[in-house]
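The structure under discussion appears below in the form of structure tokens.
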Number of protein chains: 2
Amino acid sequence: MTAPPSRQIARELRGQIDRGELVAGDKLPSERVLAERYGVARNTAREAIRLLADQGLVTAEHGRGVFVRGKHRLLRFGAERYARTLRESTGLSPFRAEVERQGRVPSVNCVSIERVTPSAEIAERLLIDSDVETVVRRENWYFADDEPMQVGVTYSPWSIVEGTPVADSAKMGKGSLYARFEEVGHAITTIREEVSARMPTPEEAHGLKIPDGVPVLEVVHTGCDQDGVPFEVTVFVMRADYNGLDYKMPVED
Amino acid sequence: MTAPPSRQIARELRGQIDRGELVAGDKLPSERVLAERYGVARNTAREAIRLLADQGLVTAEHGRGVFVRGKHRLLRFGAERYARTLRESTGLSPFRAEVERQGRVPSVNCVSIERVTPSAEIAERLLIDSDVETVVRRENWYFADDEPMQVGVTYSPWSIVEGTPVADSAKMGKGSLYARFEEVGHAITTIREEVSARMPTPEEAHGLKIPDGVPVLEVVHTGCDQDGVPFEVTVFVMRADYNGLDYKMPVED
DNA sequence: TAGTGGTCTAGACCACCAT
DNA sequence: TGGTGGTCTAGACCACTAT
């Protein structure tokens, strides 16, 4: 009932990480060194490292080595990120504010604005008929220190944003998207956020430069105005090792 | 610039899943069959399957085969799970209600109640000094159809729960924990939930029977009473392929 | 018992990174 | 250039599941 060699090796390495003998950024012994040290084939040492990578403890970098992953402070996003006072006091988007709070350099890049027919998932949340009404799709990428952190794709009914700055990057200006919505009569008043987690698709892993063993948080956010009308749905996909959510809510009766 | 064979094979299998030629529960060809079919070594076919498992698409079962994972409907938990009206109208805990809504059989098992010294993380949220005050720790396991879904560990200051049913399983009764708290003067009024996601530890993967490639959601929940006093912190760890969160909130100014 | 995945060996060549 | 991880081969034995 003794564990296979690959697990033994993984356990020893894990112990060294847990005890602080190996700390964030440290390089592990190479696969070949481990293999010789433990008297196993290289593939066995490799398997041990894979077990650690699957737990999110280490990351392999081709040609460089295997490194202990750091426990990063999470960027925390809650409902207050939509508050008008935050928009007005800082002049920063909530993402920018949170990244700067940690001494990093934020940037946001709107990569596309298109008019599309919505998926059933989106149409349902916007209370529109996907056979009849189209939506504007805005795709934003969020970076900290030029590292990609999140992708957010916002959908709004064409009937709401037609002719407004929201549908046109040239007129968008620097401020918050929600300030623009408010100017055209939709002040964000209540939100719904549906949160789940999963492993990234290969495309997401590539685009967000997510190492192996790191899941993503997916947040389907719906914003409703002062009349309870849903006017935008945003699907966020964020690296779970850098991002978290922090909600404070009253408990309704 | 052509992809390695293992990725090619993974891509083909993934295509079959995406196109619905292989659906949830279907068995993939065995590693040996794949190897022969594609003219590669068994390890190469195995690597292809591992790539799919890492994306959460398939699960290997020792001695049985490799199976396409289903896209399960998520159990959705929001702030309303703490509402008194829900407690009173259904007589069910929110977990039970949500599981039954999907036609499955819920069960909850309180495995331990202990008096312990809190970690810094817990003490901080309960606004107590971990050097002075102790807490009661209740560990609950949640099942649907005898499959483990979540673990929840609740911490409450000893000064609040001393002598109450919350600190004593014998006196606990069937109803909700929050009903018991309310009886001793702490009605849950506002909550804070800090959400993150990560890969499970080996212990969690084993205890919750989580297949490879499935992350966990970790929710640190703090409950505050009518006076704003935090009286319990619960740390939930839930399989992310079966559980999600659904919050509706007003946007504060 | 036959078939499956889990693990391992002892090599090999390639792609990438730093020097 | 030498060292690293990435991938592959062609075997082997073990552990588990089903019949």
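Here is the figure for the stretch B:220-234: residues that are under 10 Å from B:Y155 (Cβ atoms) and surrounded by fewer than 18 Cβ atoms within 10 Å (Cβ to Cβ) total 0. Mind listing whichever residues of the stretch B:28-59 are among the small types (G, A, S), within 11 Å of DNA strand D (Cβ to nearest atom) and within 14 Å of another protein chain (Cβ to nearest Cβ)? Correct list: B:A41, B:A48. Has the stretch B:47-68 got any residue that is more than 16 Å from DNA strand C (Cβ to nearest atom) and without any contact (Cβ under 8 Å) to a residue 12 or more places away in the chain? Among the residues of the stretch B:47-68, not one is more than 16 Å from DNA strand C (Cβ to nearest atom) and without any contact (Cβ under 8 Å) to a residue 12 or more places away in the chain, which makes the answer no. In the condition set (1) more than 22 Å from B:D225 (Cα to Cα); (2) outside any loop (DSSP other than H, G, I, E, B); (3) at pLDDT below 85, B:S107 is compliant with all but (3).
Every condition in (1) touching a residue at least 60 places away in the same chain (Cβ under 8 Å); (2) within 12 Å of chain A (Cβ to nearest Cβ); (3) closer than 30 Å to A:S196 by Cβ; (4) over 11 Å from the mean Cα position of the chain (by Cα) holds for B:R239 except the one numbered (4). Within the stretch B:184-204, residues that are more than 7 Å from chain A (Cβ to nearest Cβ) reach partners that are of a type in the set (D, E, K, R) with beta carbons closer than 7 Å, at six or more positions or on different chains, in the pairs B:H186/B:D225; B:A187/B:D225. Among all positions in the stretch B:194-216, there is at least one residue which is in contact with an Asp or Glu (Cβ under 6 Å, 6 or more places away or on another chain) and among the charged types (D, E, K, R). Would a scan of the stretch A:193-204 turn up a residue that is in contact with a Phe, Trp or Tyr (Cβ under 9 Å, 6 or more places away or on another chain), at pLDDT 90 or above and closer than 26 Å to A:L51 by Cα? Among the residues of the stretch A:193-204, not one is in contact with a Phe, Trp or Tyr (Cβ under 9 Å, 6 or more places away or on another chain), at pLDDT 90 or above and closer than 26 Å to A:L51 by Cα, which makes the answer no. Annotation: of all residues in the stretch A:188-216 being outside any helix (DSSP H, G or I) and surrounded by fewer than 18 Cβ atoms within 10 Å (Cβ to Cβ), the one that is farthest from the chain's Cα centre (by Cα) is A:T189.
Condition test on B:E252, is it assigned to a loop (DSSP other than H, G, I, E, B) and more than 11 Å from the chain's Cα centre (by Cα)?
yes
Could you say whether any residue in the stretch A:161-181 is polar (S, T, N, Q) and more than 14 Å from every other protein chain (Cβ to nearest Cβ)? Yes: one or more hits.
Among the residues of the stretch B:37-46, which ones are out of contact with any Ser or Thr (no Cβ under 7 Å at 6 or more places or on another chain) and more than 10 Å from DNA strand C (Cβ to nearest atom)? Correct list: B:R37, B:Y38, B:G39, B:V40. List the residue pairs whose Cβ atoms are under 6 Å apart, where the first residue sits in the stretch B:109-138 and is within 19 Å of B:H221 (Cβ to Cβ), the second is of a type in the set (D, E) and exposed (fewer than 12 other Cβ atoms within 10 Å of the Cβ), and the two are 6 or more positions apart or on different chains. That search, which allows pairs on different chains as well, returns B:R137/B:E114. Flag: B:V219 matches the condition of being within 12 Å of chain A (Cβ to nearest Cβ) and assigned to a strand (DSSP E or B).
Select from the stretch A:60-85 the residues that are within 16 Å of DNA strand D (Cβ to nearest atom) and of a type in the set (D, E, K, R) and write down the one among them that is farthest from the other protein chains (Cβ to nearest Cβ). Restricting to residues being within 16 Å of DNA strand D (Cβ to nearest atom) and of a type in the set (D, E, K, R), the top hit is A:R64. Where residues in the stretch A:11-47 are outside any helix (DSSP H, G or I) and hydrophobic (A, V, I, L, M, F, W, C), which of them is surrounded by the most Cβ atoms within 10 Å (Cβ to Cβ)? Only one residue tops the list, namely A:L28.
Tell me, which residue of the stretch A:12-27 that is within 30 Å of the chain's Cα centre (by Cα), within 16 Å of DNA strand C (Cβ to nearest atom) and closer than 17 Å to B:T201 by Cα is nearest to the other protein chains (Cβ to nearest Cβ)? For the stretch A:12-27, the residue satisfying everything is A:R14.
The values are calculated or read from the model by the stated rules, or taken from the named source; none is laboratory data. As the structure is a computational prediction, the values presented were derived from the model and not from experiment. Every residue, glycine among them, receives a Cβ derived from its backbone with ideal geometry; neighbour counts consider all protein chains shown.
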